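J.: Once you've had a glance at the structure underneath, I'll fire off some questions.
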Amino acid sequence: MRCTPSLFLLLASAALAPTVAAAQVVPVERDGEVLVVLETPLGRIDLAIDTVAAPVTGANFLRYVDAGLYGGGTFYRVVTPDNQPDDEVRIEVIQGGMNRALRDEAFAPILLESTSTTGLHHLDGTLSMARGDPDSARAEFFICIGDQPELDEGGARNADGRGFAAFGRVIGGMDIVRAIQAHPAEGQYLIDRVPIVAAVRGGAS
């Protein structure tokens with residue numbers, strides 16, 4: 001049988017298919033991690049919350065999830081290399097938070113679990129709590145895009161040097177995170193916020 005170019009490509013694709021399938025690894029949770037799914041109109045973001053290394057921060061985030069306070073919230077802030085002051089230590093993150101209509105139901109602020117305490121660092125896909133002063137974090141969180149060591153304790157991004165509380169990681173949907181970061185913004189704030197349709201405990205797929 002003569003092998004035409006189109007037939008050759010078909011056979012080659014079939015031969016490679018098992019190899020490609022074998023290379024696709026679905027990330028799974030580690031011991032002590034609780035899976036959470038954030039549903040957005042752009043797609044889902046799968047999170048693994050570390051309740052062992054960061055018990056206070058992890059439990060706080062799950063409390064908001066279980067109370068349904070992130071449903072109806074938004075991703076509203078994006079930090080890129082191009083929208084930060086020249087004199088500021090540059091980072092790349094997207095920031096989201098709870099449903100603002102339910103802000104009166106927010107829980108009390110939590111103690112800051114520093115990266116030197118937890119051993120968790122601000123790497124690509126790390127989930128961390130936004131804050132102003134130390135021990136002031138409530139519901140607002142951010143996701144790192146690329147490694148961000150200046151957000152760790154001792155880093156220069158925050159004037160008090162205590163850094164931020166990393167408490168989880170993205171295990172699926174970093175393409176969605178980057179798509180959110182690419183949305184049009186005025187300064188660091190999205191012109192059209194990206195809704196968090198739901199935030200629920202669940203597995204990655």
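Any read-out appearing in this document is the output of simple, stated calculations on the displayed coordinates, not a laboratory observation. This structure is a prediction, so every number in the text was calculated from the model and none was measured. Positions of Cβ are generated from backbone atoms using ideal geometry, with glycine treated the same way; all protein chains shown enter the neighbour counts.
J.: Sketch the reach of a paramagnetic label on ASP175 as a point 7 Å from Cα along Cα-to-Cβ, and name the residues of segment 112-142 whose backbone nitrogen lies under 18 Å away.
T.: 125
J.: Can you compute the modelled spin-label distance between ALA59 and ARG30, with each label point 7 Å from Cα toward Cβ, in nm?
T.: Between ALA59 and ARG30, the simple spin-label model gives 2.1 nm.
J.: Using 0.36 nm times the number of residues separating GLU88 and THR117, minus their current alpha carbon distance, what extension gain do you get?
T.: The GLU88-THR117 span can extend by a further 7.9 nm.
J.: Moving on to the next point. Packing-wise, with mean Cβ within 10 Å as the measure, how do 97-104, 56-63, 136-143 rank, highest first?
T.: Details: 97-104: 15.1, 56-63: 20.6, 136-143: 22.1.
Listed from highest to lowest mean packing, they are 136-143, 56-63, 97-104.
J.: Once fully extended, how much extra length lies between VAL200 and ASP124, figured as 0.36 nm per residue of separation less the alpha-carbon to alpha-carbon distance?
T.: Here the segment from VAL200 to ASP124 would lengthen by 25.1 nm.
J.: Peptides 176-189, 108-121: what's the order by average Cβ count within 10 Å, highest mean first?
T.: Most protected by this proxy first, the peptides run 108-121, 176-189.
J.: Quick one: length gained pulling GLU186 to ALA159 fully straight, 0.36 nm per residue minus the C-alpha distance?
T.: Taking 0.36 nm per residue and subtracting the Cα distance, the gain is 7.2 nm.
J.: With a/c under 1.5 counting as rounded, go ahead and sort segment 29-201 into rounded, prolate or oblate using the C-alpha gyration tensor (a ≥ b ≥ c being the square roots of the eigenvalues; past the cut-off, prolate if a/b is larger than b/c, else oblate). Could the numbers behind the result be given before it?
T.: Details: a/c = 1.33, a/b = 1.02, b/c = 1.31.
Rounded, because the longest to shortest axis ratio a/c is under 1.5.
J.: When ranked by the protection proxy of mean other Cβ atoms within 10 Å per residue, highest first, what sequence do the peptides 161-171, 147-157, 44-54 form?
T.: Output ranking for 161-171, 147-157, 44-54: 161-171, 44-54, 147-157.
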